[in-house]
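Q: Mind having a look at this structure? Questions to follow.
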DNA sequence: TGTTTATTTGTGTCATCATACAAATATTAT
DNA sequence: ATAATATTTGTATGATGACACAAATAAACA
């Protein structure tokens, strides 16, 4: 009955889930966390808008935060496979991995629809 | 040049963005935050799996957290339109709003694809 | 060599959040 | 009315995260 003896449990052995559950198509929570921050989502939207690889300092011009903050946000998005980073001299150009990103969300949408009881098998 | 005079700025007037940017189809960061927590995502996955409205105490049996925690998670998902809550006597039954949820992610996927430069207009 | 510029990384601070536990509320049954 | 059960809400705590600023790294150029 999980008698809740743990007054304040340690955080270490908590969330290593990774693959979330038995349903295929549900993204990793870390992936969703990467796009759920307001600044990161706006950075992503900016890169989608300009449609071209852009360097860190140029991206930063569009946001009221320090360049170091933008750099960290870009690293998070890159680590989740959302952005691609290419170094050219001093500059690092970041761009959107369109196919990857859209396929994750489309897969999620499909997974949800497949679970919908009112949906017939071949519909 | 945004000389960064602000030593430690207040958080209050920070993130009221809501509509994120000029691109239609990009979800609200609060919506994405709702599904980016590991426990909430597993609760959502559980409701997708069982395919039936389920009450709070039954949902809680599947997770190693207190029922109050699950109740709060469910409220967050409900407030974002992801879950529907229906009270029947003492119990509150939560279920997934399939169409709404899948349409958001499908819309996001479409928005991303539309921004992809390699995609021709009619392709 | 040293200097400038682009980016990343170290570090401290404040805010937010996930959680447990207790208490309050609501509903049904005795 | 009292009791039992389901859910929500109050509150404190520890973890995480976003941020600014400084320092470190890297690359081009004098």
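Q: Considering only the label points, 7 Å along Cα→Cβ from Cα, what distances in nm to one decimal separate residue B:110 from the same position in each other copy, shortest first?
A: Spacings between copies for this position, smallest first, are 1.7 nm.
Q: Fewest to most neighbouring Cβ within 10 Å: what's the order for A:36, A:95?
A: Going from least to most buried by this count: A:95, A:36.
Q: Per residue and in cubic angstrom, what volume does the convex hull of the Cα atoms of region A:29-112 have?
A: Enclosed volume per residue, from the Cα hull, is 90 Å³.
Q: With 10 angstrom as the radius, rank A:90, B:51 by how many other C-beta atoms surround their C-beta, starting from the fewest.
A: Starting with the residue having the fewest Cβ neighbours, the order is A:90, B:51.
Q: Now, a different point. Taking the number of other C-beta atoms within 10 Å as the exposure measure, put A:115, A:21 in order starting with the fewest.
A: A:21, A:115
The numbers here are math on the coordinates, done by the rules we state, and not lab data. Small disclaimer: the values here were computed from a predicted structure and weren't measured. Note: ideal-geometry Cβ built from the backbone for every residue, glycine included; neighbour counts use all protein chains shown.
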